[in-house]
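Peer 1: I'd like to ask you about the structure that follows.
The values are calculated or read from the model by the stated rules, or taken from the named source; none is laboratory data. Treat the numbers as computed from the prediction; the structure is a model and nothing was measured. Cβ placement follows ideal geometry from the backbone for every residue including glycine, while neighbour counts extend to all protein chains displayed.
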Amino acid sequence: MIKPTKPLKVNKISQIALLLFCWIGIPWITVEIAMILLDPLLFKGFYQYDPDMGFRVRPNTLGSNRFGFNDRNYPLERIPGTLRMLIVGDSFNWAGGLEGNYTTLLENQFAQTPDLPPVEVINAGYPMTHAGEQLIMLQKFGLQYQPDLVVLGVFVGNDFIDADPYRKRIVVNDTQIDIDKRKEIQILGYPIIFKSRLWMFIEQKYKVFRETATLEEPAWANPPEEEGTFTEETFLKIQRARLEFCNLRAHAEGKYDDKIEYLFESIAQIKQLLAERQIDFKVAIYPDEFQVNPALADQLFETYDLNREDYDLELMQKLLIAFLDREGIPYIDMLHRFRQMGKTETLYLLRDTHWNLAGNQLASDILYQNLLDYVKNQ
């Protein structure tokens, strides 16, 4: 009787697969489980998960206050005779740090003006947010300050294109991930995702390292002025994506209709929320750099071989102002002043998209001039 030969080749492959699983698979699975269970203990980055907003700035981090805002801790209790403004926005409320941000500069301008009541200008901005997410922030944190006036800063560069009605940006293991809020799964108030956390963490850290000049801080926190925050290639890609919102053909085809409707609906809800509490409301409109700097606009059209006649660089302002007029919401459009000043002075950080100190000062000046009568009449 002839004994059957052993399938040596199959056994060899099985042994290799088993070794690979022991050397790579088991450690990988162990790390994945640790990243899930120990996330709150191991990861203390700039952002943290928030079950309502998806993410927010971690309190008391890089100068943030108890709510994660770029400001000091104002008392929640109103001081009699003091006028309190809440400036809501995105990462523009962080550019320049605490002392150089336009909100602090504005508070200083009011403090140096004779015969005015005390004015508190409270910075209530989270990076990477738009009006839909800022509405949630107001309900959860901002209104605890009991402001007299809320100024909503709308940055036309990305507030429209980011206003996806179904997007929810969450943070797990110091990693940002966009999910569909309709399909969100939470267990004990914590998000469940069906992707490798370790791979996402490595991928995002490498992307930040490749595209920006800093790993430890957000790009706008302390940018190297001489080198620029982003590489030129990355910066132009960011601006090219924003410029596409100005594409007249895309609007004729309804490409951005859902985002526009969602942004406008969110602003209308903020108006209603504040009106119910008898809080005054204004919108400040912040321009993108390609609207202010003709050389940058020229570079985008030339680099990407675009037809200027297909684009209206003021389209975002036109859409937003038409909506605000219909809703009876007062607004402050900064585009004209930024264009004027931009002819003789640099107002944006190098390859960064945020204001430098001169830009922050100009924004403060514009708000001061538009709000001074409001303060005097209180």
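Peer 1: Being in a loop (DSSP other than H, G, I, E, B) and more than 16 Å from Asp90 (Cβ to Cβ) is the filter here, so list the residues in segment 49-61 that pass it. Show your work before the answer.
Peer 2: Here is the first cut: in segment 49-61, the residues in a loop (DSSP other than H, G, I, E, B) are 51-53, 58-61.
Those that are in a loop (DSSP other than H, G, I, E, B) and more than 16 Å from Asp90 (Cβ to Cβ): Pro51, Asp52, Arg58, Pro59, Asn60, Thr61.
Peer 1: Now for a separate question. From Arg72, Arg66, Arg56, which residue is in contact (Cβ under 8 Å) with a residue 40 or more places away in the chain and of a type in the set (Lys, Arg)?
Peer 2: Values: Arg72 fails: in contact (Cβ under 8 Å) with a residue 40 or more places away in the chain; Arg66 fails: in contact (Cβ under 8 Å) with a residue 40 or more places away in the chain.
So the residue among Arg72, Arg66, Arg56 that is in contact (Cβ under 8 Å) with a residue 40 or more places away in the chain and of a type in the set (Lys, Arg) is Arg56.
Peer 1: Here is a follow-up. Does Pro118 meet the test of being in contact with a strand residue (DSSP E or B) (Cβ under 6 Å, 6 or more places away or on another chain), modelled with pLDDT of 95 or more and over 30 Å from Asp257 (Cα atoms)? Talk me through it step by step, then tell me what you get.
Peer 2: Numbers: in contact with a strand residue (DSSP E or B) (Cβ under 6 Å, 6 or more places away or on another chain): no; modelled with pLDDT of 95 or more: yes; over 30 Å from Asp257 (Cα atoms): yes.
No: the conditions fail for Pro118.
Peer 1: Would you please name the residue that is farthest from Pro118 (Cα to Cα), looking only at residues in segment 321-378 that are part of a strand (DSSP E or B) and hydrophobic (A, V, I, L, M, F, W, C)?
Peer 2: Looking at the filtered set, the residue picked out is Trp355.
Peer 1: Taking segment 58-110 as the region of interest, how many residues are hydrophobic (A, V, I, L, M, F, W, C) and buried (at least 24 other Cβ atoms within 10 Å of the Cβ)? Walk me through how you get there before you give the answer.
Peer 2: Here is the first cut: in segment 58-110, the residues hydrophobic (A, V, I, L, M, F, W, C) are 62, 67, 69, 76, 79, 83, 85-88, 92, 94-95, 98, 105-106, 110.
Next cut, buried (at least 24 other Cβ atoms within 10 Å of the Cβ) only: 69, 85-88, 92, 94-95, 106.
Final tally of qualifying residues: 9.
Peer 1: Please verify whether segment 23-46 includes one or more residues that are assigned to a loop (DSSP other than H, G, I, E, B), modelled with pLDDT of 85 or more and under 29 Å from Ala163 (Cα atoms). So that I can check it myself, show each step before the final result.
Peer 2: Let us first name the residues in segment 23-46 that are assigned to a loop (DSSP other than H, G, I, E, B), namely 38, 43-46.
Now narrow it down to the ones that are modelled with pLDDT of 85 or more: 46.
Of the ones still in play, those that are also under 29 Å from Ala163 (Cα atoms) are 46.
Scanning segment 23-46 turns up at least one residue that is assigned to a loop (DSSP other than H, G, I, E, B), modelled with pLDDT of 85 or more and under 29 Å from Ala163 (Cα atoms).
Peer 1: Does Leu86 satisfy the condition of being farther than 20 Å from His354 by Cα, in the same structural domain as Tyr368 (by TED's automatic domain parsing) and not in a loop (DSSP other than H, G, I, E, B)? Break it down into steps so the answer makes sense when it comes.
Peer 2: Numbers: farther than 20 Å from His354 by Cα: yes; in the same structural domain as Tyr368 (by TED's automatic domain parsing): yes; not in a loop (DSSP other than H, G, I, E, B): yes.
Yes.
Peer 1: Okay, moving on. Can you find a residue in segment 344-357 that is acidic (Asp, Glu), more than 30 Å from Gln144 (Cα to Cα) and crowded, with 17+ Cβ neighbours inside 10 Å?
Peer 2: Quick first cut of segment 344-357, residues acidic (Asp, Glu) only: 345, 352.
Next cut, more than 30 Å from Gln144 (Cα to Cα) only: 345, 352.
Restricting the remaining residues to those that are crowded, with 17+ Cβ neighbours inside 10 Å gives 352.
Taking every residue of segment 344-357 in turn, at least one turns out to be acidic (Asp, Glu), more than 30 Å from Gln144 (Cα to Cα) and crowded, with 17+ Cβ neighbours inside 10 Å.
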